[in-house]
């Protein structure tokens, strides 16, 4: 591991930045942490460095809430993982030179370098991607309905729309990563932000049924007894004027775009995704027509927008439901 730390300093040196650090301590399976100070000219900043052959987004979440910003260094960071780290505000560098490091007027932004053929896949494999499709659904259910932390695995699986085994596995991994119900912070802002950062390239991709373009306004449903859940900008219209529409439905009725006069050509501003959750104790059994989506889903659709105006609103939305982020 000391060799990896030396290669971290060498890679930064190639980019014109010097690194000085202290003693490393084990932080989790396969990775270590230490304090480093990066310097370029008169610009300098200290970081909590997490480094190892594999460092996941969930691992990086362990550094949230501490005084220093997190910086990840590992063998290779794939584009999808890099995007999730950026959205979570976690800076990073890998052995092949992909980087996002920003401090005091210094910006290192290198993307798209592929994994070299001679770079072996690390022998250490993490227990699993904390935000794979099924696990992301479980994390969502726990964020939306915190009492599920103490509920039966069967109730959790039902709410998340996953199998009993998947619910058990996800809860075990979340607990191992240090997440659990905290009455003092019912919104679990650390878990929420990491889950939301992984959402657009993970769960959202799996759920997307169709994209359209059309006028943004109240969506007309096809069957009044089948609920249509509104998320994203259109769910937060008290905070901004919506420019996009995000809907979640049990299944895509081909008449939905016809009723709403949506078109499938041109740039899309409307996305329809599959509804996967069930409100505990059949709480949505009486819902019909157009309804708001659960608040964590609205937050994820807001905070992952490319529009800075929408991301600002996302923080207001999060604070409304989860309370202010104590680590910010």
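For the condition under 16 Å from residue 7 (Cα atoms) and at pLDDT 85 or above, what is the one hit in 109, 94, 104?
Numbers: 109 fails: under 16 Å from residue 7 (Cα atoms); 104 fails: under 16 Å from residue 7 (Cα atoms).
Selected residue: 94, the only one of 109, 94, 104 that is under 16 Å from residue 7 (Cα atoms) and at pLDDT 85 or above.
Can you find, within the range 30-53, the residue that is nearest to residue 11 (Cα to Cα) among those that are in contact (Cβ under 8 Å) with a residue 60 or more places away in the chain and in a strand (DSSP E or B)?
38
Give just the number: which of (1) surrounded by 14 or more Cβ atoms within 10 Å (Cβ to Cβ); (2) assigned to a loop (DSSP other than H, G, I, E, B); (3) at pLDDT 90 or above does residue 301 not satisfy?
With respect to (1) surrounded by 14 or more Cβ atoms within 10 Å (Cβ to Cβ); (2) assigned to a loop (DSSP other than H, G, I, E, B); (3) at pLDDT 90 or above, residue 301 is out only on (2).
Mind telling me which of the residues 85, 148 ends up being assigned to a helix (DSSP H, G or I), crowded, with 22+ Cβ neighbours inside 10 Å and either modelled with pLDDT under 90 or in contact with a strand residue (DSSP E or B) (Cβ under 7 Å, 6 or more places away or on another chain) (or both)?
85
Pick from the range 22-33 the residues that are surrounded by fewer than 17 Cβ atoms within 10 Å (Cβ to Cβ) and under 14 Å from residue 6 (Cα atoms): which of them is modelled with the lowest pLDDT? Give the derivation first.
Filtering the range 22-33 down to residues surrounded by fewer than 17 Cβ atoms within 10 Å (Cβ to Cβ) leaves 22-23, 25-26, 29.
Keeping just the survivors that are under 14 Å from residue 6 (Cα atoms) gives 22-23.
Details: 22: 68, 23: 62.
Only one residue tops the list, namely 23.
Out of 161, 187, which single residue is crowded, with 18+ Cβ neighbours inside 10 Å and modelled with pLDDT under 95? Let's see the steps before the verdict.
Numbers: 161 fails: modelled with pLDDT under 95.
Sole residue among the options that is crowded, with 18+ Cβ neighbours inside 10 Å and modelled with pLDDT under 95: 187.
If the requirement is being surrounded by fewer than 19 Cβ atoms within 10 Å (Cβ to Cβ) and at pLDDT below 90, which of these qualifies: 80, 64, 40? Show your work before the answer.
Values: 64 fails: surrounded by fewer than 19 Cβ atoms within 10 Å (Cβ to Cβ); 40 fails: at pLDDT below 90.
80 is the lone residue from the list that is surrounded by fewer than 19 Cβ atoms within 10 Å (Cβ to Cβ) and at pLDDT below 90.
Somewhere in the range 54-65, is a residue assigned to a loop (DSSP other than H, G, I, E, B) and closer than 16 Å to residue 201 by Cβ? I'd like the intermediate steps shown before the answer.
Initial filter on the range 54-65 (assigned to a loop (DSSP other than H, G, I, E, B)): 54-56, 62-65.
This time we only want the ones that are closer than 16 Å to residue 201 by Cβ, so: 56.
Within the range 54-65, one or more residues are assigned to a loop (DSSP other than H, G, I, E, B) and closer than 16 Å to residue 201 by Cβ.
If I ask for residues that are under 13 Å from the mean Cα position of the chain (by Cα) and in a helix (DSSP H, G or I), which ones from the range 194-215 would you list? Lay out the reasoning, then the answer.
Quick first cut of the range 194-215, residues under 13 Å from the mean Cα position of the chain (by Cα) only: 194-205.
Those that are under 13 Å from the mean Cα position of the chain (by Cα) and in a helix (DSSP H, G or I): 194, 195, 196, 197, 198, 203, 204, 205.
Quick one: which residue in 253, 238, 221 is out of contact with any strand residue (DSSP E or B) (no Cβ under 6 Å at 6 or more places or on another chain) and either at pLDDT 95 or above or buried (at least 16 other Cβ atoms within 10 Å of the Cβ) (or both)? Break it down into steps so the answer makes sense when it comes.
Working: 238 fails: either at pLDDT 95 or above or buried (at least 16 other Cβ atoms within 10 Å of the Cβ) (or both); 221 fails: out of contact with any strand residue (DSSP E or B) (no Cβ under 6 Å at 6 or more places or on another chain).
None of the other options fit; the residue is 253.
The values are calculated or read from the model by the stated rules, or taken from the named source; none is laboratory data. What you are looking at is a predicted structure, and each value in this text was computed from that prediction instead of being measured. We place every Cβ from the backbone using ideal geometry, glycine too, and count neighbours over all the protein chains shown.
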